[in-house]
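What follows is a set of notes on a single structure, which appears directly below.
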Number of protein chains: 2
Amino acid sequence: MFNGLSAFPLTPLVQGEPDEKAFGALIETLVAAGVNSVGALGSTGSYAYLTREQRFAVTKLAVSAAAGVPVMTSIGSVNAEMILRLAEDAQKAGVKGLLLAPLSYQKLTADEVFRLYERVAGEISVPLCIYDNPATSGFEFTDELLVELSFLRNMGSIKLGDLPADLAGASARVAKLKSQVAKGVTIGISGDAQSAMGLLAGCDVWYSVLGGLFPYDALRLTQAALRGDVDETRQLNSALEPLWVFFRRHGSLRTIATVAELTGRVVAPCLPFPLQTLAGDERDALQATLAQLPLRAEG
Amino acid sequence: MFNGLSAFPLTPLVQGEPDEKAFGALIETLVAAGVNSVGALGSTGSYAYLTREQRFAVTKLAVSAAAGVPVMTSIGSVNAEMILRLAEDAQKAGVKGLLLAPLSYQKLTADEVFRLYERVAGEISVPLCIYDNPATSGFEFTDELLVELSFLRNMGSIKLGDLPADLAGASARVAKLKSQVAKGVTIGISGDAQSAMGLLAGCDVWYSVLGGLFPYDALRLTQAALRGDVDETRQLNSALEPLWVFFRRHGSLRTIATVAELTGRVVAPCLPFPLQTLAGDERDALQATLAQLPLRAEG
């Protein structure tokens with residue numbers, strides 16, 4: 001399941017509670033488009049803001065609406081005991097993969113992160129994706145640690161954070177990682193603005209925010225990149241550059257949530273308090289940008 | 001209550017559960033020493049790693065063991081609804097103050113932080129201390145925002161993070177803040193290695209990690225600084241410098257937890273998994289340092 005396009009939908013909230021109808025509709029669009037997997041309750045799905053009960057309910061809904069398309073869900077928590085309970089819940093709900101970032105309150109050491117993954121890996125029965133996201137977790141993985149972790153049992157994929165900004169540097173890092181990690185562990189790219197480059201650099205999968213709302217467009221780019229069509233990949237990515245400008249400026253979550261509100265896919269305000277979608281001039285500018293983009297909500 | 005020495009004890013854990021006996025004994029030492037307030041469940045008390053139920057139980061125990069000394073407890077959570085529930089619990093348990101850092105998963109904007117404090121301040125009935133701790137919250141307060149927040153209702157104190165490294169710079173910042181914040185809101189210093197300077201620079205209160213384990217020593221330093229005895233303050237602080245070296249290198253939590261284990265005040269391992277106290281050479285070096293320090297666990 002850790003190949004191709006893994007689409008990460010929002011978990012739209014209404015007064016702090018998941019909007020099941022809007023969420024189910026997002027998943028159905030992903031299935032209709034033919035994404036390779038659904039990343040429910042990723043960072044885009046606001047997993048860190050929800051209770052265990054909410055996460056269980058959303059995961060069950062995702063698996064049901066995904067109608068056989070494999071679902072991965074995040075089990076991240078600052079509390080290690082809670083991670084194990086969330087993993088149990090997710091597996092009971094029928095997920096085919098788990099996603100784990102090393103959340104903490106105190107900055108973790110590499111040794112502590114290894115112990116955490118080792119313990120979790122020993123208690124799960126579906127593959128785990130290592131989630132490298134320094135901006136939210138506060139932890140910076142070294143490639144050495146990623147390689148070491150990949151040899152734990154039940155490891156399925158590595159969701160990379162930042163890659164070198166040039167294609168040659170990115171390709172070198174991805175090639176080296178792929179030559180060192182355990183057999184069968186795929187390398188994925190996240191951070192949508194760099195993902196076209198990441199796929200061209202050899203990543204196996206795009207863990208995609210855009211794909212969670214516009215799966216047709218994200219699939220087209222993914223497929224062009226994975227078949228090695230550099231020109232088409234660059235063309236498709238260039239067309240999205242005006243959107244990446246907002247991703248860079250406001251983060252992917254606030255941007256894609258604003259897009260979802262502006263296009264009526266979710267009810268505003270859809271983010272967990274106190275997070276705010278864009279307002280004022282920036283919201284207007286994003287709306288104007290959207291009108292110029294070739295994005296398609298339907299097939 | 002937001003004056004003098006506010007002592008922050010560990011919440012010692014045994015297999016993930018608070019060790020009530022060891023915790024109660026820590027609090028009793030604080031009371032015997034005569035600290036001005038107890039900061040239960042601060043960062044040193046691992047609040048962010050505990051469940052709501054555990055936090056309620058620990059807070060009740062703290063209030064009971066504190067025997068009239070005012071207790072403050074942290075209500076921080078990534079989940080805003082949970083913050084309000086934790087505030088209710090803490091007030092029901094009898095705390096005289098609340099401590100709140102702007103925890104988040106996604107980096108917050110200043111506007112979002114203001115909305116968060118505004119909402120919480122409107123629903124509590126004891127004073128709140130604003131907790132500035134970029135290393136754990138990921139948010140950097142500006143003085144402008146701190147001043148703005150101080151005018152919300154129910155604000156009691158500001159627990160500052162980093163101060164300028166020189167006394168003149170620190171004094172200038174503290175003086176300016178004190179001249180601008182709402183009347184009655186005190187300014188406190190945290191980060192033990194800089195706290196002697198912070199108190200000499202005009203802070204009203206030391207939110208102290210050392211004070212949670214060695215209240216007699218922390219009180220002596222606090223009292224010297226607050227009566228303006230620069231020489232004695234510097235002398236007492238210099239004597240502690242070998243300990244501050246470990247605070248800077250490993251963080252205050254891992255250091256003080258190791259000290260508590262080494263001195264038999266708590267059962268090892270006392271931190272929430274996967275956090276580890278110091279091991280190997282560093283643990284030995286800390287033990288050797290401790291033997292040279294004039295710290296007193298009893299009066």
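The values are calculated or read from the model by the stated rules, or taken from the named source; none is laboratory data. Here the structure is a predicted model, which is why all the values come from computation and not from measurement. Heads up, the Cβs are rebuilt from the backbone with ideal geometry, glycines too, and the neighbour counts pull from every protein chain shown.
Some observations on this one:
- Residue list for region A:30-47, restricted to those being among the polar types (S, T, N, Q) and either in contact with a helix residue (DSSP H, G or I) (Cβ under 8 Å, 6 or more places away or on another chain) or surrounded by fewer than 22 Cβ atoms within 10 Å (Cβ to Cβ) (or both): A:N36, A:S43, A:T44, A:S46
- Among the residues of region A:213-272, those that are assigned to a helix (DSSP H, G or I), farther than 22 Å from A:T29 by Cα and of a type in the set (K, R) comprise A:R234, A:R248, A:R249.
- Residue selection: A:L50 satisfies the criterion of being within 14 Å of chain B (Cβ to nearest Cβ), surrounded by 18 or more Cβ atoms within 10 Å (Cβ to Cβ), within 18 Å of A:V266 (Cα to Cα) and more than 16 Å from the chain's Cα centre (by Cα).
- Residue count for region B:69-83, restricted to those that are in contact (Cβ under 8 Å) with a residue 12 or more places away in the chain, farther than 24 Å from B:P134 by Cβ and surrounded by fewer than 24 Cβ atoms within 10 Å (Cβ to Cβ): 2
- Within region B:125-138, tally of residues that are hydroxyl-bearing (S, T, Y) and away from chain A (no Cβ under 14 Å): 1
- Selection over region A:282-297 of residues that are in contact with a Ser or Thr (Cβ under 9 Å, 6 or more places away or on another chain) and without any contact (Cβ under 8 Å) to a residue 60 or more places away in the chain gives a count of 5.
- Flag for A:S190 being out of contact with any Leu (no Cβ under 6 Å at 6 or more places or on another chain) and crowded, with 22+ Cβ neighbours inside 10 Å: yes
- Verdict on B:Y207 being in a helix (DSSP H, G or I), touching a Lys or Arg at 6+ places or on another chain (Cβ under 6 Å) and under 22 Å from B:L30 (Cα atoms): no
- Only a single item in (1) outside any loop (DSSP other than H, G, I, E, B); (2) under 30 Å from B:V120 (Cβ atoms) is not met by A:A175, and it is number (2).
- Taken over region A:132-162, the criterion of being under 18 Å from A:S179 (Cα atoms), touching a strand residue (DSSP E or B) at 6+ places or on another chain (Cβ under 7 Å) and not in a helix (DSSP H, G or I) is satisfied by A:M155, A:G156, A:S157, A:I158, A:K159, A:L160.
- Residue within region A:250-267 that is modelled with pLDDT of 95 or more, within 14 Å of chain B (Cβ to nearest Cβ) and over 21 Å from the mean Cα position of the chain (by Cα) present: no
- Only a single criterion out of (1) touching a helix residue (DSSP H, G or I) at 6+ places or on another chain (Cβ under 6 Å); (2) at pLDDT 95 or above; (3) under 30 Å from B:I83 (Cβ atoms) is not satisfied by A:L13, namely (1).
- Which listed residue, of B:A121, B:A193, B:A170, is touching a Pro at 6+ places or on another chain (Cβ under 6 Å), at pLDDT 95 or above and hydrophobic (A, V, I, L, M, F, W, C): B:A170
- Within region B:1-51, if we keep just the residues that are touching a strand residue (DSSP E or B) at 6+ places or on another chain (Cβ under 8 Å) and assigned to a strand (DSSP E or B), the residue that is farthest from B:N79 (Cα to Cα) turns out to be B:G4.
- Of B:L160, B:L108, B:L100, B:L116, all but one fail to be touching a Cys at 6+ places or on another chain (Cβ under 9 Å), within 13 Å of chain A (Cβ to nearest Cβ) and on the phi < 0 side of the Ramachandran plot; the exception is B:L100.
- If the condition is being of a type in the set (K, R) and crowded, with 16+ Cβ neighbours inside 10 Å, then region B:105-126 contributes only B:R115.
- Yes/no for B:R55 being within 28 Å of B:Y216 (Cα to Cα) and within 14 Å of chain A (Cβ to nearest Cβ): yes
- Checking each residue in region A:8-28 for being surrounded by fewer than 23 Cβ atoms within 10 Å (Cβ to Cβ) and of a type in the set (V, I, T) picks out only A:V14.
- The C-beta contact set for region B:187-211 (first residue under 22 Å from B:R296 (Cβ atoms), second residue surrounded by 24 or more Cβ atoms within 10 Å (Cβ to Cβ) and among the acidic types (D, E), distance under 6 angstrom, 6+ apart or interchain) comprises B:V209/B:D192; B:L210/B:D192.
- Of the residues screened, A:F141 is one that is among the aromatic types (F, W, Y), buried (at least 19 other Cβ atoms within 10 Å of the Cβ) and away from every other protein chain (no Cβ under 14 Å).
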